[in-house]
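Each remark here refers to the structure printed beneath this line.
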Amino acid sequence: MSVRQQRWDIFCRVVDNYGDIGVCWRLARQLAHEHGRELRLWVDDLTVAAKLVPGLRVDAENQQIDGIKVRAWQPAFVVDDVAEVVIEAFACELPDPYLHAMAMRSTAPVWINLDYLTAETWTQGFHLQPSPHPRWPLRKTFYFPGFDADTGGLLREQDLFTRRDTCQVSAEIRRSAALRISLFCYPHAPIAALLQSMADSPRAVHCLVPESSILPQIAAFFGLPALHAGERRQQGALTLDILPFLTQDDYDQLLWSCDLNFVRGEDSWIRALWAAKPFIWQPYRQQDALHLVKLQAFLVRYQADAVLEQLHAAWVAGPWQTQAWQAVVERLPSLQTQAKQHCAQLAELPDLAAKLVIFCENFS
């Protein structure tokens, strides 16, 4: 296929709260802004998407935000035209009418299944593997993001580190003596135990919590029926602030300004890595404890320090260990140095959007 292909369609089903749409929106913005692609983003839940996309109207089936056309993916799907590149995000399954329209084109579009990120080594053998459609003359390509040259890379905007470094210089000027921590996790994490460890800390802790599904657990820790954005609570050495729901750009700035970040899922995981700060990652829980396999693969790939491994185990698998928390706090300076080194090493690889564009331009 020639390099003239410009129009891309990205299909996204909102499955895991904000993770799927978060990745798709970042990818769409980068493809449009840095690579000049004409983008349509099809989303099945505009209400959730509107939390991440400022200005998005939940009642509009067709709108343009930040240079990207956002279309409501309705159950009764009507095809007007088909793009040259079609991305099926996270095996969301394209609508049958769209598949039929793809098959009717004189030249089939480049059809990509953008899969979830994992550090497991098996992805290197499956990345870019073709999958013929059983009924139509179409071929889907499996595309695996990853941490190695043999995978699809990681989402990373061209100006990301410039913005990060500028923000971190400003944060250093305003820094207090308190340990600054961001907390974004799934509700089944040992949240109360972590907060108690913070409250018992010999050093003051300032914990910043973006508005999310964990507010009931935090309210219960403080003996309250509920907590809302803008509220501050204190116990022992812990001062905790509930932040309003953050846009992606604002969330990046939060990660950049903290000493330690607790993150979850996929989108915030990678943003924590690019923040070049120590972090604790909680993968999405899967059957048969597959999320623990995924976590261990990343810790090996990341060459995680032993104290980080211990705190990950306590946070994700249990039981909670205050000693593991204290060990990480004591080692933060050296963990900070390691985080910068790992970030710099991964930044030497091409980013996901750039690799996607090159693959599609050379597709045959």
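The values are calculated or read from the model by the stated rules, or taken from the named source; none is laboratory data. What you see is a predicted model; the values in this text were computed from it and never measured. As a convention, Cβ positions derive from the backbone with ideal geometry for all residues, glycine included, and neighbour counts pool all protein chains shown. Heads up: the accessible areas ignore ligands, DNA and RNA and are worked out on the full protein's heavy atoms, side chains in. Shrake-Rupley method; radii C 1.70, N 1.55, O 1.52, S 1.80 Å.
Peptides 174-180, 318-324, ordered by how many other C-beta atoms sit within 10 Å of their residues on average, highest first, read 318-324, 174-180. When only Cα pairs below 8 angstrom with a gap of at least 6 residues are kept, the range 172-230 shows a relative contact order of 37 percent.
Most tightly packed first, judged by the mean number of other beta-carbon atoms within 10 Å of their residues, the peptides 238-246, 150-158, 103-111 read 150-158, 238-246, 103-111.
Within the range 60-77, name every residue whose backbone N is under 11 Å away from a label modeled 7 Å from Cα of Thr247 along the Cβ vector. Answer for this model: 66. As a fraction of the 1.4 Å probe accessible area of the range 155-305, surface on carbon and sulfur atoms comes out at 53 percent. Computed from Cα positions, the angle between helix 248-257 and the longest principal axis of the chain comes to roughly 30 degrees. Taking Cβ atoms as reference points and 13 Å as the exclusive limit, the residues near Gln323 contribute a net charge of -1, counting Lys and Arg as +1 and Asp and Glu as -1.
What does DSSP give for the range 214-328 in terms of the percent of beta bridges that are antiparallel, rounded to the nearest 5? For the range 214-328, the DSSP antiparallel bridge percentage is about 50. Estimated from helical segments only, the mean residue ellipticity of the chain at 222 nm is -12000 deg cm²/dmol, where each DSSP H run of four or more residues counts as -39500 (n - 2.57). When you restrict to C-alpha pairs under 8 Å that are six or more residues apart and normalise by the size of the chain, the relative contact order lands at 15 percent.
Relative contact order of the range 227-298, taken over Cα pairs closer than 8 Å and 6 or more residues apart, is 20 percent. Simple spin-label estimate for Gln235 and Lys51 gives 2.4 nm between the two label positions (7 Å along the Cα-to-Cβ direction from each Cα). Against the criterion of solvent-accessible heavy-atom surface with a 1.4 angstrom probe, Ile218, Ile65 sort, most first, into Ile65, Ile218. Calculate how steeply helix 352-361 sits against the longest principal axis of the alpha-carbon atoms of the chain, using the helix alpha-carbon long axis, and give the answer as 0 to 90 degrees to the nearest 10. Once rounded, one gets 10 degrees. Spin-label pair Gln124-Asp96: with each label point 7 Å from Cα along the Cα-Cβ axis, the two points sit 4.2 nm from one another. Over the chain, accessible surface divided per residue gives 43 Å², non-protein components excluded, 1.4 Å probe. Lacking any other cysteine beta-carbon closer than 4.7 Å, the following Cys residues of the chain have no compatible partner: Cys92, Cys167, Cys185, Cys207, Cys258, Cys343, Cys360.
In the chain, the DSSP beta bridges split such that about 20 percent are antiparallel, to the nearest 5.
Rolling a 1.4 Å probe over the protein heavy atoms of the range 1-105, with every protein chain left in place, gives an accessible area that is 47 percent carbon and sulfur. Could you give the angle, 0 to 90 degrees to the nearest 10, between helix 160-174's Cα long axis and the longest principal axis of the Cα atoms of the chain? For 160-174 against the chain, the angle is about 20 degrees. Arg29 sits among other residues whose Cβ lies under 9 Å from its own Cβ, and their net charge, with Lys and Arg +1 and Asp and Glu -1, is -2.
Using the Cβ-Cβ distance between Arg135 and Glu348 with R0 set to 35 Å, the FRET efficiency from 1/(1 + (r/R0)^6) comes to roughly 0.25. Taking a straight Cα-Cα cut-off under 20 Å and skipping sequence neighbours fewer than 8 places away in the same chain, the lysines within cross-link reach of Lys355 are Lys140.
On the beta carbon distance between Ser176 and Asp80, with R0 = 45 Å, the FRET formula returns roughly 0.25.
Each DSSP beta bridge with both residues in the range 203-242 is either parallel or antiparallel, and the antiparallel ones are about 45%.
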